[in-house]
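Notes for the one structure printed next.
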Amino acid sequence: MEVVRKTLNHGLGILSVVKNVVFFMEMHQPRRLNRLLHYQSPTEPLEMMFDDELNRIILSRIAVKSYGKVLDLLRQANKDYGYRFSVSITGILIEQLRKWEPWVLSKLVELIKDGVVEPVAETYYHSLAYLIDEGEFREQVTMQVRLIEELTGRRPITAQNTEFMYSDDVGRVFSEMGFRVVLTEGVERVLGFRQPTYLYRGPGGIMLLLRHYRLSDDVGFRFTNRSWDQYPLTADKYVAWLNATSGDLVMIGLDMETFGEHMPEESGIFEFLRWMFRHAYESNIIFITPGEVESHVSNSYELNINELISWADVEKDASAWIGNEMQWISFNQLNMLYRLARELDDGYLMRYVRLLMVSDHFYYMSTKHGAPQDVHNYFNPYYSPYKAYTLYQSAVHRLLNYMVRVHGNASVMKRLASIKLPSELAAWVKGESFSKANCQNAQYTARLITINHPELSKDCLQ
């Protein structure tokens, strides 16, 4: 009765014979902003904007407590049961692993080369690039694909947008880029009567695999929740739920840090994973990669998704990153910085604009309530969305000062005049004088060029 009740709670209907599981894990760590950024000189090197000592400490801890142990478990599950998995790793995490924990990267590379893990493409910077510019989105995905090919000799055929953000337009872009499979969230409001446990097709016939968020979150969020009516979650219970799930396949999608970092080893999370693989094998459940799904599932169904969805929060949309005024202001500033960097054709500047595109910066600014905000707070290294916002503002001004110092006031202003700025930026600075004298001051100009004001084309363009 317990299995049936759980199945009904998940809205999956009657017992079925699902035997295919796609087990996907995300590997990403951002470069967090320096908490002393407010106090730095505006002429400091741009690299100083980031707290790489904190980033090193966090990554080293996660490498030992999570990444290394999980990758070893995947290797063992493949050896014992022939299971295969899928992993997406961001370019900025690869950079940090190369610098501080290369042994973790070596383990992952070997798993990919040996066919144990299928690499999944995404944006190099785990960024909001798709919301900024399609060309930039394509470029960042291509950057990550090339890096994976360079490391492993394997070109990804499966892709996901940052945090599983997806719409038909994202599917179109991935299809045009030559990908065969896209991973995204099984959101009920777009599925309607359908279930996430079937193979779907998007634009251009690209395959859509939908994450089963309830079965995923049972592990990712509820595993250590003692108030949950299904606590404790044991491996045999979880496999029983998989066996009771109707459909052709189940995709489980989790951050790799779930194992050992978010859920500590003392919680039994690694033993759960180890025994879950064993019980699944004994139940004739197979773990396959996204690229193998088509050979295991004969039927597919058309699915149109006309809104932007994601795997974040209960809303499962973009509100985790652009849901309040602080996030919108920062996003509009980022949009402006990106377009200026393009106009100025400054590759060094573009590198740091892209580092500010990382979705985590916006995630930290969330001011939601309840359990979703608890998750935002857990990840926030500054312990306050308002501190995250003010640090981001300091980073924006640092890049603006760099532009003015390197390219000159007139050059920056002329290019800004050709860029359509959101009206929200008009309120950033008010009551400033547009005199030529003030225009000689780099800090003044850095503030001035954030205003969407008709006077921009006058005094400071000389």
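The values are calculated or read from the model by the stated rules, or taken from the named source; none is laboratory data. No experiment lies behind these values; they were computed from the predicted model shown. Note that we place each Cβ from the backbone using ideal geometry, even for glycine, and neighbour counts take in every protein chain shown.
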**Request:** Would you mind finding the one in 127, 88, 60 that is buried (at least 17 other Cβ atoms within 10 Å of the Cβ), among the polar types (S, T, N, Q) and within 24 Å of residue 264 (Cα to Cα)?
**Result:** 88
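Do we find that residue 70 is in contact with a strand residue (DSSP E or B) (Cβ under 9 Å, 6 or more places away or on another chain) and at pLDDT below 95 in this structure?
On the way: in contact with a strand residue (DSSP E or B) (Cβ under 9 Å, 6 or more places away or on another chain): yes; at pLDDT below 95: no.
No: the conditions fail for residue 70.
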**Message:** residue 152 - would you say it is buried (at least 20 other Cβ atoms within 10 Å of the Cβ) and at pLDDT 95 or above?
**Reply:** no
**Prompt:** Out of segment 242-256, which residues are assigned to a helix (DSSP H, G or I) and either in contact with a Cys (Cβ under 8 Å, 6 or more places away or on another chain) or more than 15 Å from residue 286 (Cα to Cα) (or both)?
**Reply:** 256
**Complete:** Of the conditions (1) surrounded by fewer than 18 Cβ atoms within 10 Å (Cβ to Cβ); (2) over 27 Å from residue 373 (Cα atoms), the single one that residue 285 does not satisfy is (1)
**Request:** Just need a number here: residues in segment 365-389 that are of a type in the set (S, T, N, Q) and surrounded by fewer than 16 Cβ atoms within 10 Å (Cβ to Cβ).
**Result:** 4
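Would you be able to tell me the number of residues in segment 149-165 that are touching a residue at least 40 places away in the same chain (Cβ under 8 Å) and within 25 Å of residue 309 (Cβ to Cβ)? Steps first, answer last, please.
Taking segment 149-165 as the starting set, the residues that turn out to be touching a residue at least 40 places away in the same chain (Cβ under 8 Å) are 151-154, 157-158, 160, 162-165.
Subset that is within 25 Å of residue 309 (Cβ to Cβ): 157-158, 160, 162-165.
Number of matching residues: 7.
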**Request:** Please specify each residue of segment 373-384 satisfying the condition of being in contact (Cβ under 8 Å) with a residue 40 or more places away in the chain and within 23 Å of residue 47 (Cα to Cα).
**Result:** 381, 382
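Please enumerate the residues belonging to segment 25-61 that are aromatic (Phe, Trp, Tyr) and over 30 Å from residue 159 (Cα atoms). It would help to see each step written out before you state the result.
Quick first cut of segment 25-61, residues aromatic (Phe, Trp, Tyr) only: 39, 50.
Within segment 25-61, 39 is the sole residue that qualifies.
Only residues that are without any contact (Cβ under 8 Å) to a residue 12 or more places away in the chain and farther than 18 Å from residue 78 by Cβ: list them for segment 100-111, please. Walk me through it before giving the result.
If we filter segment 100-111 for residues that are without any contact (Cβ under 8 Å) to a residue 12 or more places away in the chain, which is where we start, we get 102, 106, 110.
Scanning segment 100-111 gives a single hit, 102.
If the requirement is being buried (at least 22 other Cβ atoms within 10 Å of the Cβ) and under 26 Å from the mean Cα position of the chain (by Cα), which of these qualifies: 303, 355, 334? Give the derivation first.
On the way: 303 fails: buried (at least 22 other Cβ atoms within 10 Å of the Cβ); 355 fails: buried (at least 22 other Cβ atoms within 10 Å of the Cβ).
On inspection, the qualifying residue turns out to be 334.
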**Unmet requirement for residue 413, which otherwise passes all of (1) modelled with pLDDT of 85 or more; (2) crowded, with 21+ Cβ neighbours inside 10 Å; (3) not small (Gly, Ala, Ser)** = (1)
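Anything in segment 247-260 that is out of contact with any strand residue (DSSP E or B) (no Cβ under 7 Å at 6 or more places or on another chain) and either of a type in the set (A, V, I, L, M) or over 17 Å from residue 89 (Cα atoms) (or both)? List them, or say none. Walk me through it before giving the result.
If we filter segment 247-260 for residues that are out of contact with any strand residue (DSSP E or B) (no Cβ under 7 Å at 6 or more places or on another chain), which is where we start, we get 247, 257-260.
Within segment 247-260, 247, 260 meet the criteria.
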**Among (1) closer than 30 Å to residue 418 by Cβ; (2) in a loop (DSSP other than H, G, I, E, B) - the single one residue 304 does not satisfy** = (1)
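Could you say which residue among 151, 209, 147 is within 18 Å of the chain's Cα centre (by Cα), part of a helix (DSSP H, G or I) and within 30 Å of residue 75 (Cα to Cα)?
On the way: 151 fails: within 18 Å of the chain's Cα centre (by Cα); 209 fails: part of a helix (DSSP H, G or I).
One residue alone meets the criteria, 147.
Would you call residue 41 polar (S, T, N, Q), loosely packed, with under 15 Cβ neighbours inside 10 Å and at pLDDT below 95? Can you show your working first?
Numbers: polar (S, T, N, Q): yes; loosely packed, with under 15 Cβ neighbours inside 10 Å: yes; at pLDDT below 95: yes.
For residue 41, the condition - polar (S, T, N, Q), loosely packed, with under 15 Cβ neighbours inside 10 Å and at pLDDT below 95 - is met.
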